[in-house]
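**Q** My structure is below; once you've seen it, I'll send some questions.
Since every read-out is calculated from the coordinates, none of them should be taken as a lab result. None of these values were measured; they are calculated from a predicted model. So basically every Cβ, Gly included, is an ideal-geometry build from the backbone, and we count neighbours across all protein chains shown.
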Amino acid sequence: MTAHARFSASASDRWLNCPGSLALSQGHSGSSSYASAEGTMLHSLSERCLFENHDAYDYVGQEFTVDGFEFTLDDEQAGAVTQYVEYIRGFSGIKMYEVRSNYASALGLDESEAFGTADCVIWQEEAQHLHIVDAKFGRKFVNARENRQLILYAIGVVTTLKAVGDDPLEVTLHIVQPRVSAVPVPYTLSVEELEEYATDFARAVDKAQHAIDIYRVGKEITLLPYLVAGESQCRWCPAKANCPALRKEVDESMKNIPDVIAFMPSADLSKEQSKLVLIRMYCDAIETETLRRLLAGEPVDGYKMVMGREGNRKWVDEDKTVELLATLQTTYKLPEAELWNPKKPRTLPQIEKALKKAKVPVNLEPYQVRSPAKPTMAAADDPREPWAPNAAVDEEFDAC
């Protein structure tokens, strides 16, 4: 298992904007989501395409499982990967992928406390120019300009280059966002500017460490001077559910909600709109905690866990599916495009539709499987039977 840095680059907006967040987050672990799992899958596929000179479209229809989430790669996802891969291929220079960048020394930290992984680093030695490229597969715009995550990566890589005798003069940060923008907007800064950022970041690290030193479990109130609620720092913070600063911000926002919104002046409407992000984050934190307790078997009045639906059908064994489809294609003269996408079998629903259209008598049941149903939260009056964490164990004993 890969260790995580306390002062990680990916979480830099959190500990730079809210010095007390690291202290408050002690003992909390973030949970994976569909979006983050999809991002991991697309990053992994991008790396494979770059290393092995593959085409992402060759993987369309292939199934991936990441952090418990299942994906079947589609054309849109392959297109997003392709846009990033082609952008990288357009550069000259020494290209390195999944580069571990350690910026600890620049922040006055132990090397085990501050590092991250850059998607792609390109070193153009003759021009003494370094490029840091990051792929973002979400649908929210991320600006490369003064991007702290990429600046930290750059600080670490520049430190390494200087250690081996190279002398970078400029750094350009690139964020490729296929689902947001067709063309990245790079941001270039000098190495001197990079060093100024490192000095500022080191001061923020000192504040964060001081907050950790004074923190006492169960006395979050002592951290209030170090806690600063805000969209970027609260979005992925695992301690949202017990953050007094976020609660205070939401309470103040709710107290000042106007009686009549329809006739609110534009300036006031804009101000209220800006509050919604934090309010939604607080609501998400409440839902996450409710789920945690119900999954642990702890009662929450008015709610229960029930068993959800089974997952989508998928092929059990792709090799056997390939053999079957090849036979059917030859025997019934089926159009190749209806079975393959382009070299992998199409999805079960697509194949069923094609076979039904061609009136091909074949039973696909032995070739398919469904992901098991998973527990989900529902209201207490939901007619479905309640699910308990030990339900599966109880059923096994009942069967004996």
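**Q** Cα centroids of segment 170-234 and segment 70-148: how far apart, whole angstrom?
**A** Answer, in whole Å: 17.
**Q** Still on this structure: Quick check on segment 188-302: take the gyration tensor over C-alpha atoms, sort the square-rooted eigenvalues as a ≥ b ≥ c, and tell me if it's rounded (a/c under 1.5), prolate or oblate. Don't jump to the answer; show the numbers that get you there.
**A** Values: a/c = 2.16, a/b = 1.20, b/c = 1.80.
Oblate shape, in that a/c is at least 1.5 and b/c is the bigger or equal ratio.
**Q** While we're here: Taking the Cα centre of segment 228-293 as origin, sum charge times position over the Cβ atoms of Lys and Arg (+1) and Asp and Glu (-1), and report the length of that vector in debye to the nearest 20.
**A** Working: 10 positive and 10 negative charges, 55 e Å.
Rounded to the nearest 20 debye, it is 260 debye.
**Q** Under a point-charge model restricted to the Cβ atoms of Lys and Arg (+1) and Asp and Glu (-1), what is the dipole moment magnitude of the chain relative to its Cα centre, in debye to the nearest 20? Intermediate values should be presented prior to the final figure.
**A** On the way: 43 positive and 61 negative charges, 182 e Å.
Once rounded to the nearest 20, the dipole reads 880 debye.
**Q** Looking at (i) 36, 24, 20; (ii) 32, 31, 21; (iii) 41, 34, 21, which value of semi-axes √(5λ) of the Cα gyration tensor in Å comes from a calculation on the structure shown?
**A** Calculated semi-axes √(5λ) of the Cα gyration tensor in Å: the matching label is (iii).
**Q** Return a whole-number percent for the relative contact order of the chain, with Cα pairs under 8 Å and 6 or more residues apart as the contact set.
**A** Numbers: 560 pairs, mean separation 65.9, N = 400.
About 16 percent, as a whole number.
**Q** Let me ask something else about it. Restricting to bridges with both residues inside segment 12-210, how much of the DSSP beta-bridge set is antiparallel, in percent to the nearest 5?
**A** Values: 21 of 28 bridges.
Roughly 75 percent of the beta bridges in segment 12-210 run antiparallel, per DSSP.
**Q** For D134, enumerate residues with amide H under 5 Å from its amide H, sequence gap 5+ or separate chain, H modeled in the peptide plane.
**A** Amide H neighbours of D134, under 5 Å, 5+ apart: H174, I175, V176.
**Q** Rank these for me by crowding, C234, C120, going from fewest to most other beta carbons within 10 Å. Could you put the intermediate results ahead of the total?
**A** Values: C234 27, C120 24.
The most exposed by this proxy come first: C120, C234.
**Q** Given the options G61, G79, G90, state which has the largest fluctuation in a GNM of the chain using a 10 Å cut-off (strictly under) for Cα springs.
**A** G90
**Q** For T117, list long-range residues whose amide hydrogen, built 1.01 Å from N in the peptide plane, is under 5 Å from its own amide hydrogen.
**A** Distant-sequence amide H within range of T117: S101.
**Q** Still on this structure, I have one more. So what's segment 313-370 giving for Cα Rg divided by 2.2 N^0.38 Å, two decimals?
**A** Details: Rg = 10.3 Å, N = 58, 2.2 N^0.38 = 10.3 Å.
With N residues counted in segment 313-370, Rg over 2.2 N^0.38 Å equals 1.00.
**Q** Whole-Hz ³J(HN,Hα) for each residue in segment 369-378, computed from phi via Karplus 6.51 cos²θ - 1.76 cosθ + 1.60 with θ = phi - 60°, x for glycine and proline: what do you get?
**A** 8, 10, 5, x, 5, 10, x, 9, 7, 8
**Q** Counting helices only, and only those DSSP H runs with n ≥ 4, report the 222 nm mean residue ellipticity of the chain as the sum of -39,500 (n - 2.57) divided by its residues, in deg cm²/dmol to the nearest 500.
**A** When only DSSP H runs of four or more count, the value is -13000 deg cm²/dmol.
**Q** Taking amide hydrogens as modeled 1.01 Å from N in the peptide plane, which residues meet the under 5 Å criterion relative to V228, leaving out close sequence neighbours?
**A** Result for V228 returns G20.
**Q** In sequence order, what are the phi-derived ³J(HN,Hα) couplings for segment 338-351 according to the Karplus relation 6.51 cos²θ - 1.76 cosθ + 1.60 with θ = phi - 60°, rounded to whole Hz, with x for glycine and proline?
**A** Taking θ as phi minus 60°, the curve returns 7, 10, 10, 9, x, 10, 9, x, 5, 5, 4, x, 5, 5 Hz for segment 338-351.
**Q** With only Lys, Arg, Asp and Glu charged, each at its Cβ (+1 for the first two, -1 for the last two), find how big the charge dipole of segment 100-180 is about the Cα centre; round to the nearest 20 debye.
**A** Working: 8 positive and 11 negative charges, 132 e Å.
Dipole size: approximately 640 debye.
**Q** If you average 1/r across every pair of different Cα atoms in segment 228-293 and take the reciprocal, what Kirkwood value do you get, in Å? Show your work: numbers first, answer last.
**A** On the way: mean 1/r = 0.0782 Å⁻¹.
So the Kirkwood estimate lands at 12.8 Å.
**Q** Name the trypsin sites (Lys or Arg not before Pro) in segment 151-217 that are in a loop by DSSP and that have at most 11 other C-beta atoms within 10 Å, would you?
**A** On the way: sites: K162, R179, R203, K207, R216; in loops: R179, R216.
Counting only loop positions with at most 11 other Cβ atoms within 10 Å, the trypsin sites (Lys or Arg not before Pro) in segment 151-217 are R216.
**Q** On to the next question. Just rank F51, F91, F64, fewest to most, by other beta-carbon atoms within 10 angstrom. Provide the component values of the computation, followed by the final result.
**A** Numbers: F51 10, F91 14, F64 18.
The fewest-first ordering by Cβ neighbours comes to F51, F91, F64.
**Q** Write down the radius of gyration of segment 12-210 and its Dmax, each obtained from C-alpha positions, in Å.
**A** Both quantities, over Cα of segment 12-210: 17.7, 51 Å.
**Q** Here is a follow-up. Taking 0.36 nm per residue of separation and subtracting the Cα-Cα distance, what length does fully extending V300 through Q368 add?
**A** Working: separation 68, 0.36 × 68 = 24.48 nm, distance 3.79 nm.
Net length gain for the segment: 20.7 nm.
**Q** Tell me, M377, M264 in order of fewest to most beta-carbon neighbours within 10 Å? Don't jump to the answer; show the numbers that get you there.
**A** Working: M377 17, M264 14.
By the 10 Å Cβ count, ascending, the order reads M264, M377.
**Q** Related question: Could you derive backbone 3J(HN,Hα) for segment 324-335 from the dihedral phi with the Karplus parameters 6.51, -1.76 and 1.60 (θ = phi - 60°), listing whole Hz in sequence and x where the residue is Gly or Pro?
**A** 4, 5, 4, 5, 5, 4, 6, 5, 9, 6, 7, x
**Q** Here is a follow-up. Select from E146, E249, E385 the residue whose mean-square fluctuation is largest in a Gaussian network model of the chain (Cα-Cα springs shorter than 10 Å).
**A** Of the options given, E385 has the highest mean-square fluctuation.
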